[in-house]
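Since the structure comes first, as structure tokens, the remarks are kept for the end.
Just so it is clear, none of the values below were taken in a lab; they were calculated from the coordinates. Bear in mind the structure is a predicted one, so any value in this text is a computation, not a measurement.
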Amino acid sequence: MPTSQVWGRGRRCLLVRPGGGAQLARALSGAGLAPVVATTEAEALALLDREAPAAVLVAQALGPVAIASLVARAGQRPPAIPVVVLGAAGTVQEAVDAMQQGAADYLAPPLDGESLLPRLRRLLERSPAPEASPAGSTAALTGLVGASPAIRRVLTAIDRISRYRTSVLILGESGTGKELIARALHARGPRRRQLFVPINCATLGRDLLENELFGHERGAFTSATERKKGLFELADGGTLFFDEIAEMDPATQAKLLRVLERSEFRRVGGTGKVKVDLSVLAATNRNLEEALRAGRFREDLYYRLKVVTLRVPPLRERKEDIPALIDAFIADFNRRNDGKIQGISPQALTLIMAHDWPGNVRELKNAVESAAILAAGETIGLEGFADLGGRRSPGGARVAAAGAGALDGVVTIPVGATLAQAERELIAATLQRYRTRRQAAAVLGLGLRTLYTKLRLHRLRGGAADDADPA
Ligand SMILES: Nc1ncnc2c1ncn2[C@@H]1O[C@H](COP(=O)(O)OP(=O)(O)OP(=O)(O)O)[C@@H](O)[C@H]1O
Ligand SMILES: [Mg+2]
């Protein structure tokens with residue numbers, strides 16, 4: 001089942017357990033779901049309303065009254081949200097009680113991903129209706145994929161901010177989606193029927209940038225044979241997006257500030273003032289505070305721009321977004337190329353989850369696309385990601401090299417991986433490190449026969465020299 005790890009599609013799943021539920025939450029993220037954890041009834045009810053999860057998992061330990069009120073609240077929404085009761089004692093009475101309370105399913109202990117996920121999957125496939133949360137609808141409108149707390153914060157912020165004509169400063173590493181967010185702010189805002197005009201401050205020199213922004217009158221300089229409208233005028237009524245604002249020359253910064261404060265400007269070589277009404281968005285992957293201290297960025301402009309600041313964390317800090325992003329990129333690839341890619345193999349996903357993605361979402365998008373092109377069949381496999389194998393990321397983390405050779409004898413297992421994936425990685429790496437399977441089995445603390453069983457189970461070959469297969 002190639003897409004077994006990503007069927008959750010970033011759908012939120014509310015997990016209610018008095019003791020938290022870190023392990024189950026990990027199993028849920030491993031399946032591509034976005035777990036939201038509550039420990040009390042009150043917390044759960046609040047999250048139920050706010051997050052509009054696709055399913056609710058509630059521990060029996062929460063008590064019958066609390067469970068009944070959760071089931072009732074979950075049933076009020078169209079479509080009703082299925083509630084699964086996670087048993088404590090595993091008795092028949094418990095199961096009967098759960099069903100009488102209106103639970104969609106009951107699960108006896110021991111509770112782990114293995115027992116929970118298949119049942120949950122069946123439930124969710126029965127109710128594939130989209131979630132009608134505010135964040136969900138914003139996501140649909142913006143094209144921003146992801147359900148990590150960070151992305152949900154960004155979506156909520158877009159929802160709130162876009163109503164106002166305010167400046168927004170968007171900070172984040174390269175490829176984190178800053179421009180996408182800027183476009184979303186415009187598309188959701190009161191100026192959406194006017195132009196969104198992006199301008200990259202890094203690619204234009206100072207004179208060119210000013211000429212682009214302010215435009216000029218005929219005869220302003222020798223080559224100015226005609227009056228040219230600048231971007232301030234062009235974007236009038238709409239939104240001007242200054243990308244890589246940190247690269248703007250201090251003199252231009254001063255001029256920009258004046259335009260923002262007075263809502264008017266003069267064309268180069270012009271005498272009359274031109275009125276403009278603009279929203280200004282700006283983005284940078286630089287540390288602006290450092291630029292301030294170094295005197296490369298004007299403090300007054302900085303404060304004018306950062307009325308609202310949105311920080312987009314790097315992808316490595318929100319890896320739970322990766323499965324949903326991959327799905328979205330594959331769907332996009334199929335649409336554009338008439339492709340038939342169904343999904344990605346669990347091994348390739350493990351490798352991707354272990355990578356640090358210094359180029360963030362852009363790098364992931366390019367990698368998925370090129371792997372989709374290279375894919376022999378309908379599943380994207382490891383071979384599409386040969387470049388990632390064992391590459392050391394700038395963050396210093398060692399990358400698990402699933403099937404591609406573990407470097408330095410270290411395997412990194414990302415949180416979100418299943419135990420089965422972890423086992424596979426460790427076995428693969430051990431096989432590569434030791435000469436014979438007998439040695440590898442000894443190192444792993446397994447009998448040789450068990451090792452062979454696991455090799456077949458995980459479809460592992462190669463690595464250590466072949467001993468005779470005892471099976
Ligand atoms: N959350 C997301 N969901 C879907 N696509 C995304 C997301 N974030 C980024 N992308 C995609 O990744 C690519 C890079 O995004 P974008 O150009 O917005 O990044 P950026 O932060 O402006 O990068 P840079 O600093 O290099 O200009 C784009 O193709 C964008 O559509
Ligand atoms: Mg950009």
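Annotations
- Amide H contacts of residue 197 (H built 1.01 Å from N, under 5 Å, at least 5 apart or other chain): 239, 240, 241
- Projected onto planes of every orientation and averaged, the convex hull of the alpha-carbon atoms in the chain covers 28.4 nm².
- Sequentially through segment 284-295, phi angles give Karplus couplings (6.51, -1.76, 1.60; θ = phi - 60°) of 7, 9, 8, 7, 5, 4, 5, 4, 4, 4, 7, x Hz, Gly and Pro residues having no value and appearing as x.
- Estimated vicinal HN-Hα couplings, Hz - segment 257-269 in sequence order (Karplus 6.51, -1.76, 1.60; Gly, Pro = x): 4, 4, 4, 5, 6, 9, 6, 7, 7, 10, 5, 4, x
- Close amide H pairs (under 5 Å, H built 1.01 Å from N) link residue 264 with 276, residues at least 5 positions away or on another chain.
- Of all aspartates and glutamates in the structure, the ones whose alpha carbon falls short of 15 Å from that of residue 340, not counting any fewer than 8 places away in one chain, are 327, 332, 369, 378.
- Helices in the chain, meaning DSSP H runs of at least 4 residues, each add -39500 (n - 2.57). Divided by all residues, the mean residue ellipticity at 222 nm is -13000 deg cm²/dmol.
- Under 26 Å from residue 229, Cα to Cα: lysines that are on another chain or at least 8 residues apart: 255, 273, 275
- Kirkwood radius, segment 149-312, all distinct C-alpha pairs, inverse of mean reciprocal distance: 16.2 Å.
- Of all lysines in the structure, those lying under 16 Å Cα to Cα from residue 365, and not within fewer than 8 positions of it along the same chain, are 178, 319.
- Per-residue ³J(HN,Hα) for segment 247-254, Karplus 6.51 cos²θ - 1.76 cosθ + 1.60, θ = phi - 60°, Hz, x for Gly and Pro: 7, 6, 4, x, 5, 5, 4, 4
- Whole-number percent relative contact order across the chain, with pairs defined as alpha carbons under 8 Å at least 6 apart: 13 percent
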